[in-house]
Amino acid sequence: MADKKKEMEKLNEEMIACSKCALRKGCNQVVPGEGSADARIVFIGEGPGAKEDQLGRPFVGAAGKFLDEMLEIINLKREDVYIANTVKCRPPQNRDPLDEEKEACWPWLEKQIDLIKPDLIVTLGKHSLEKFLPGQKISEVHGKALRRDFPGLGKQVFFALYHPAAALYNGSMREILIKDFKRIPKIFELIDKEKDSKIKENNHSQGRLLK
Ligand code: SF4
């Protein structure tokens, strides 16, 4: 929808002008995110790395290339999805973002998700997982779809994946990630089925959708 696209552009402009936390001082530019405002699926990583900071786009380094490859496996392109991070500015030396930085940046991500209203939120790596599904271990929940009532966002289906960067130099991790990724079309099928039959787990605010 054109209006949604315009709203997204406006939101991007606001994000680009943000200097709410200390991360902005140490980076080259804000990396808002990119993709379709009508995406059914939003991928959320941790924060921009050196290449992303340089180009102003998310997931453009080696990990991004691997993400593109996996999208292709399930017949999706970057333009079909939306890709964002929990913080929009690169932490110095790629350190983990601090809690206060994640908190300061959260309203931007919340607005992005609220605008896009995706069917599925895919967390990439443990930091993104921790934001949406606190207390869950990535080794236990990767490759599983979980529905949660998330404050400010309402009921959402989350799908946890290892971060593509973790698989770059680890063959077995790469296999796990690709295997998990290939489950995404099946999850869409289940979501569509639920929509059709209007079941949507109305009686269960929280629960596993798919093992
Ligand atoms: S990390 Fe987020 S909150 Fe901090 S300055 Fe960048 S855009 Fe603003």
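The values are calculated or read from the model by the stated rules, or taken from the named source; none is laboratory data. Only a predicted model underlies this, so the values are computations on that prediction, with no experimental measurement involved. Every residue, glycine as well, gets a Cβ built from its backbone with ideal geometry; the counts of neighbours run over all protein chains shown.
Scanning the range 73-101 for residues that are in a strand (DSSP E or B) and under 12 Å from Gly49 (Cα atoms) yields a count of 1.
Taking the criterion of being touching a helix residue (DSSP H, G or I) at 6+ places or on another chain (Cβ under 9 Å) and part of a loop (DSSP other than H, G, I, E, B), the residues of the range 150-169 that qualify are Gly152, Leu153, Tyr162, His163, Leu168. For the range 98-157, a residue qualifies if it is out of contact with any Asp or Glu (no Cβ under 7 Å at 6 or more places or on another chain) and small (Gly, Ala, Ser), and the qualifying residues are Ala104, Gly135, Ser139, Ala145, Gly154. I'd like to know if the range 93-104 contains one or more residues that are within 30 Å of Lys193 (Cβ to Cβ) and either within 15 Å of the ligand (Cβ to nearest atom) or within 14 Å of the chain's Cα centre (by Cα) (or both). The answer is no; no qualifying residue exists.
All conditions in (1) more than 18 Å from Pro151 (Cβ to Cβ); (2) at pLDDT 95 or above; (3) buried (at least 20 other Cβ atoms within 10 Å of the Cβ) hold for Trp108, with the sole exception of (1). When you look at Ala84, is it in contact with a strand residue (DSSP E or B) (Cβ under 6 Å, 6 or more places away or on another chain) and crowded, with 20+ Cβ neighbours inside 10 Å, yes or no? Yes; evaluated as a whole, the condition is true for this residue.
Yes/no matrix, rows are residues, columns are (1) without any contact (Cβ under 8 Å) to a residue 40 or more places away in the chain; (2) exposed (fewer than 14 other Cβ atoms within 10 Å of the Cβ); (3) aromatic (Phe, Trp, Tyr); (4) within 14 Å of Ile44 (Cα to Cα):
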| residue | (1), (2), (3), (4) |
| --- | --- |
| Val122 | no, no, no, yes |
| Gln136 | yes, no, no, no |
| Leu146 | no, no, no, no |
| Leu153 | no, no, no, no |
| Leu161 | yes, no, no, yes |
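The set of residues in the range 19-38 being within 11 Å of the ligand (Cβ to nearest atom), in a loop (DSSP other than H, G, I, E, B) and surrounded by 18 or more Cβ atoms within 10 Å (Cβ to Cβ) consists of Cys21, Cys27, Val30, Val31, Pro32, Gly33.
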